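A short write-up of the structure that comes next.
None of the figures in this text is laboratory data; all of them are computed from the coordinates on show. None of these values were measured; they are calculated from a predicted model. Glycine gets a Cβ as well: all are built from the backbone with ideal geometry, and neighbour counts include every protein chain shown.
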Amino acid sequence: KARRLEDGNAYQIDVSWVANYSLKFQGCHYVQQFRDDEEQNQQGGNAGVQLKHLVRFRLCPTDLCNENKSMGCSNKYGDYVVGLETFVDVYYEYQKRLEEYQCETYLQNNCNCQNDDDAQGDQEMCEYDCLVAAGMEDMCADGNPYEQDGQGQQDNGFEVERYMECAELEMNQGRRHLEENQGFGLFVGPYCAEQGGSIHLGVFLDDSCSEFADSSQGRETFQSITGMQLPYADENIVKADSCMSCMYNPNWEGQDGNGQYNQVAELCEQLYYPAGKCEQRLPSRVVNEPNNFACGYIEGIQTVHQDGISRTRKANAGTTFFITFLFLFTFGLLLYVHYLRTRLGLKIRLGRESRKETLLNPHEEEPANIQSRTHTID
């Protein structure tokens, strides 16, 4: 489902330098944003607020990218942020194509099953046994050929690649089956884990994949409807500990429409163009005009890395105290200003009433004054 960009203006940017870099997943986070009426009508959604999930990644020089370091590299890099669905959609297809090539290469060079004159079923079992011996059955095998009914996910019609973007749940049994099992109107899509270090699939009640169907991120609901476990409910969709080379590999990426090999891998090309960029740490000779428009935003995404796990950084005690003090001080100041205005207003009102009373009764005098004047005349 990954799409090569067609915008002619985008290709005016020279990204050939990216081929010498590798992509390192940095983490994900989300922000809340309001939907306007037009967006709600177009998508048929009812939610006024939706969660916008974002992914941060880094381009490190390939010779400096360290898979054992959560940040990948500490110099000569560029930082980028892109929508989670865009990242996952491109990443998942690219990763699957890469794994497909790796599996085919391993079967051809190590398993020696194609030269057998046995039936097709025996060849599948031979390949499966070879993959099991190498520990590659989860990545390479479509199913277990020793199981009579082939209990795979495809039997239930759940196509994982369809849900790398938020989409309504559909199965082979059709909509009627979902209605009977109270699954009508459910949505499946990727979401950012709480700690920000992994991306999983969940089941949601809304078309923006913001509200989980249950307290288990939709796992229980999915299993009760489909009778199967939700893929990537626990497994990370992204291989967070890998440095993925941006060098184009013609062995499995193929050629473009003109029969020419591209220099930059499709994964990096498709993620680079739409991403917000902070390239201030790239060497000056790497890119002629570094794009730093997203530096402020990216620097605001605070993540802390411990044991290779990305977590959203919470404010420290000093920051929390300062913010709390500032809030209380401001609130107290507002109360004091309100008190002064109230007192001043009361005095002004009393003064006005006194003057008004004097104007209405100009000849009335206090008894003490009258008595004093009478005493003087005598």
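Kindly state, to the nearest 0.05, the FRET efficiency for Ser224 paired with Lys52, given R0 = 35 Å and r defined as their beta-carbon distance.
Details: r = 29 Å, r/R0 = 0.84.
Efficiency, from the Cβ-Cβ distance: 0.75.
The listed peptides 212-219, 164-171, 99-106, ordered by packing as a protection proxy, come out as 164-171, 212-219, 99-106 (highest mean of other Cβ atoms within 10 Å first). Each residue, Asp14 and Arg285, gets one label point 7 Å from its Cα in the Cβ direction; the gap between the two is 1.4 nm. Do the alpha carbons of any pairs in Lys24/Lys96; Lys52/Lys96; Lys24/Lys277; Lys24/Lys239; Lys24/Lys76 sit beyond 20 Å of each other, and which pairs? Violating the 20 Å limit, Cα to Cα: Lys52/Lys96. Extension gain Glu99-Phe293, at 0.36 nm per residue separation less the Cα-Cα distance, in nm? Additional length available on full extension: 66.3 nm.
Approximating the spin labels as points 7 Å out from Cα along Cα→Cβ, the Asn110-to-Asp63 distance works out to 3.0 nm. Peptide packing: for 85-92, 231-238, the average count of neighbouring Cβ atoms within 10 Å per residue gives the ranking 85-92, 231-238, highest mean first.
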